[in-house]
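Visitor: Structure provided below as structure tokens; questions to follow.
The values are calculated or read from the model by the stated rules, or taken from the named source; none is laboratory data. What you see is a predicted model, and the numbers here were worked out from it, not measured in a lab. Cβ: placed from backbone, ideal geometry, glycine included. Neighbour counts: every protein chain shown. Just the protein is used for accessible areas: all its heavy atoms, side chains included, with ligands, DNA and RNA removed. Shrake-Rupley method; radii C 1.70, N 1.55, O 1.52, S 1.80 Å.
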Amino acid sequence: MLYRIARSALFHLPPEKAHALTLDAVRWRGRILPATKQGGAPALQALGLSFGNRVGLAAGFDKNAVAVDGWLSLGFGHVEVGTVTPKPQPGNPQPRVFRLVRSEAIINRMGFPNDGAERVVARLRARRGSGIVGVNIGKNAATPLDRAVDDYLSCLRAVFPVADYVTVNVSSPNTTGLRSLQDTEQLVPLLSRLMEESQALERRHSRRAPLLVKLSPDLADAELRKIAAAVSSIPVAGIIATNTTISREAVADQPLARETGGLSGRPLFARSCAAVRVLRETVGPAMPIIGVGGVASAADARALRQAGADLVQLYTALVYRGPGLVREIARALS
Ligand SMILES: Cc1cc2nc3c(=O)[nH]c(=O)nc-3n(C[C@H](O)[C@H](O)[C@H](O)COP(=O)(O)O)c2cc1C
């Protein structure tokens, strides 16, 4: 009810303005309220980490790690910050975020605006609270694709000491050519090099930060199978599925559907669920999968669990349904 009122005020503002206000509010909440314990529920082990519950904040909402303690105080069991790139960059020109209200969806073409790895790491070091924080890494727009590995390595080295896990983002549709890194001929050498570096960092820092890869929903099932088989033989620690889609099939009747970018929210759910199912069938029961894409209710989260996700993440449903959803889903999945 309270969120309904807040939402109608926020929806009068341009999406990025509303987003900035929300981040401010969550940041202040984190300063005032400590993260609440998850009702004494036993911690959940995945990726070698202890999660308070199965629900996380998806990458992109808090790109610069400004409100991590606030998100945890809202009941999230983990927070994924980023995508961060080695150097700060402004992203694409505005407007670059669009609400498709009737579909409870968003189209965005942000293009990784962020403060750069160094500043994000400094913020994570200065955190007062505890709680699991993953860092999602990418490449700068200006870095040629054939040098992408250098950007991922640079980010990995920077964030490793402060990240509980690191996500290699090769699936954003808003950085030219990025998704071609999902071709196994490119992906296997990239992830193998990052794994090698991660093992060296593990020895140097005497800590672990498992490496995950985040995939696109626009990969055909056969491609997903090929990638899943390849990444489990490297082996990376886990898979996040999925990022946003460039498909407009489910929203074709809406004028904003013509905007370029990645579509998220309810229209994505069927595809993200199907992708998780295919990935789970291929990798078997052991490899952790984080399901994300269109989860907007406890029933959706249960369905994604049934499809094979160990953990779920939310972004767009937070905008449409509000923060009460976090605890609702956490309870449903406990
Ligand atoms: C405005 C916006 C920005 C996003 N930025 C990122 C990002 O920087 N990195 C990333 O891996 N995913 C990013 N995402 C994708 C989300 O993490 C998530 O994978 C996707 O939105 C599907 O989940 P949802 O339907 O719950 O929103 C972004 C999504 C939105 C809506």
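Visitor: Any idea how many residues of segment 91-106 are near the ligand (Cβ under 10 Å from one of its atoms) and among the aliphatic types (A, V, I, L, M)?
Guide: Total meeting the criteria: 3.
Visitor: Same structure again: Quick check on my filter: what residues within segment 260-275 are open to solvent by 50 Å² or more (accessible area, probe 1.4 Å) and more than 12 Å from the ligand (Cβ to nearest atom)?
Guide: Going through segment 260-275, the residues open to solvent by 50 Å² or more (accessible area, probe 1.4 Å) turn out to be 260, 266, 270-271.
Correct list: THR260 only.
Visitor: List the number of the failed condition for SER233; all other conditions in (1) more than 10 Å from the ligand (Cβ to nearest atom); (2) closer than 16 Å to VAL55 by Cβ hold.
Guide: Of the numbered conditions (1) more than 10 Å from the ligand (Cβ to nearest atom); (2) closer than 16 Å to VAL55 by Cβ, the odd one out for SER233 is (2).
Visitor: On to the next question. Which residue out of ARG119, ARG147 is within 16 Å of the ligand (Cβ to nearest atom) and of a type in the set (Lys, Arg)?
Guide: ARG119
Visitor: Sticking with this structure for a sec: Residue by residue through segment 177-187, note down the ones that are surrounded by fewer than 19 Cβ atoms within 10 Å (Cβ to Cβ) and under 25 Å from ASP164 (Cβ atoms).
Guide: The answer is none; no residue qualifies.
Visitor: Which residues, taken from segment 169-180, are in contact with a helix residue (DSSP H, G or I) (Cβ under 6 Å, 6 or more places away or on another chain) and of a type outside the set (S, T, N, Q)?
Guide: VAL170, GLY177, listed by residue number.
Visitor: Does ALA332 fit the bill of being aliphatic (A, V, I, L, M) and over 18 Å from the mean Cα position of the chain (by Cα)?
Guide: Working: aliphatic (A, V, I, L, M): yes; over 18 Å from the mean Cα position of the chain (by Cα): yes.
Considered against the rule, which asks whether it is aliphatic (A, V, I, L, M) and over 18 Å from the mean Cα position of the chain (by Cα), ALA332 comes out as yes.
Visitor: A further question follows. (1) touching a Ser or Thr at 6+ places or on another chain (Cβ under 9 Å); (2) over 27 Å from SER50 (Cα atoms); (3) more than 12 Å from the ligand (Cβ to nearest atom); (4) open to solvent by 20 Å² or more (accessible area, probe 1.4 Å): which one isn't true of LEU224, the others all being true?
Guide: (4)
Visitor: Now a separate question. Output the number of the condition that ALA252 fails; it satisfies all remaining conditions of (1) without any contact (Cβ under 8 Å) to a residue 24 or more places away in the chain; (2) within 15 Å of the ligand (Cβ to nearest atom).
Guide: Result: ALA252 fails condition (2) only.
Visitor: If ARG125 satisfies all but one of (1) within 16 Å of the ligand (Cβ to nearest atom); (2) open to solvent by 20 Å² or more (accessible area, probe 1.4 Å); (3) of a type in the set (D, E, K, R), what's the number of the condition it fails?
Guide: Single failed check for ARG125: (1).
Visitor: Same structure, new question: Evaluate segment 300-312: report whether one residue or more is within 12 Å of the ligand (Cβ to nearest atom) and either touching a residue at least 40 places away in the same chain (Cβ under 8 Å) or of a type in the set (Lys, Arg) (or both). Give the steps one after another, and end with the answer.
Guide: The first filter runs over segment 300-312 and keeps only residues within 12 Å of the ligand (Cβ to nearest atom), leaving 300-301, 304, 312.
Still in the running and either touching a residue at least 40 places away in the same chain (Cβ under 8 Å) or of a type in the set (Lys, Arg) (or both): 301, 312.
Within segment 300-312 (the criterion being within 12 Å of the ligand (Cβ to nearest atom) and either touching a residue at least 40 places away in the same chain (Cβ under 8 Å) or of a type in the set (Lys, Arg) (or both)), the answer is yes, since at least one residue qualifies.
Visitor: Is it true that ARG109 is away from the ligand (no atom under 14 Å from the Cβ) and open to solvent by 20 Å² or more (accessible area, probe 1.4 Å)? Steps first, please.
Guide: Values: away from the ligand (no atom under 14 Å from the Cβ): no; open to solvent by 20 Å² or more (accessible area, probe 1.4 Å): yes.
For ARG109, the condition - away from the ligand (no atom under 14 Å from the Cβ) and open to solvent by 20 Å² or more (accessible area, probe 1.4 Å) - is not met.
Visitor: Any chance segment 108-124 includes a residue that's among the aliphatic types (A, V, I, L, M), in a strand (DSSP E or B) and closer than 18 Å to LEU23 by Cα?
Guide: Looking for residues that are among the aliphatic types (A, V, I, L, M), in a strand (DSSP E or B) and closer than 18 Å to LEU23 by Cα, one finds none in segment 108-124, hence no.
Visitor: Still on this structure, please answer the following. Which residues, counting only those in segment 59-83, are in a loop (DSSP other than H, G, I, E, B), without any contact (Cβ under 8 Å) to a residue 60 or more places away in the chain and open to solvent by less than 10 Å² (accessible area, probe 1.4 Å)?
Guide: If the condition is that a residue be in a loop (DSSP other than H, G, I, E, B), without any contact (Cβ under 8 Å) to a residue 60 or more places away in the chain and open to solvent by less than 10 Å² (accessible area, probe 1.4 Å), then ASP62, ALA67 are the ones that fit.
Listed here are the residues, each with its yes/no results for (1) open to solvent by 40 Å² or more (accessible area, probe 1.4 Å); (2) out of contact with any helix residue (DSSP H, G or I) (no Cβ under 6 Å at 6 or more places or on another chain); (3) without any contact (Cβ under 8 Å) to a residue 12 or more places away in the chain.
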position	(1), (2), (3)
ASN136	no, yes, no
SER154	yes, yes, no
SER192	yes, yes, no
SER198	no, yes, no
ARG204	yes, yes, yes
LEU211	no, no, no
ALA220	yes, yes, yes
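Visitor: Here is a follow-up. Please tell me if GLY294 is small (Gly, Ala, Ser), away from the ligand (no atom under 15 Å from the Cβ) and buried (at least 18 other Cβ atoms within 10 Å of the Cβ). First the steps, then the outcome.
Guide: On the way: small (Gly, Ala, Ser): yes; away from the ligand (no atom under 15 Å from the Cβ): no; buried (at least 18 other Cβ atoms within 10 Å of the Cβ): yes.
Taking the combined requirement at face value, the residue does not satisfy it.
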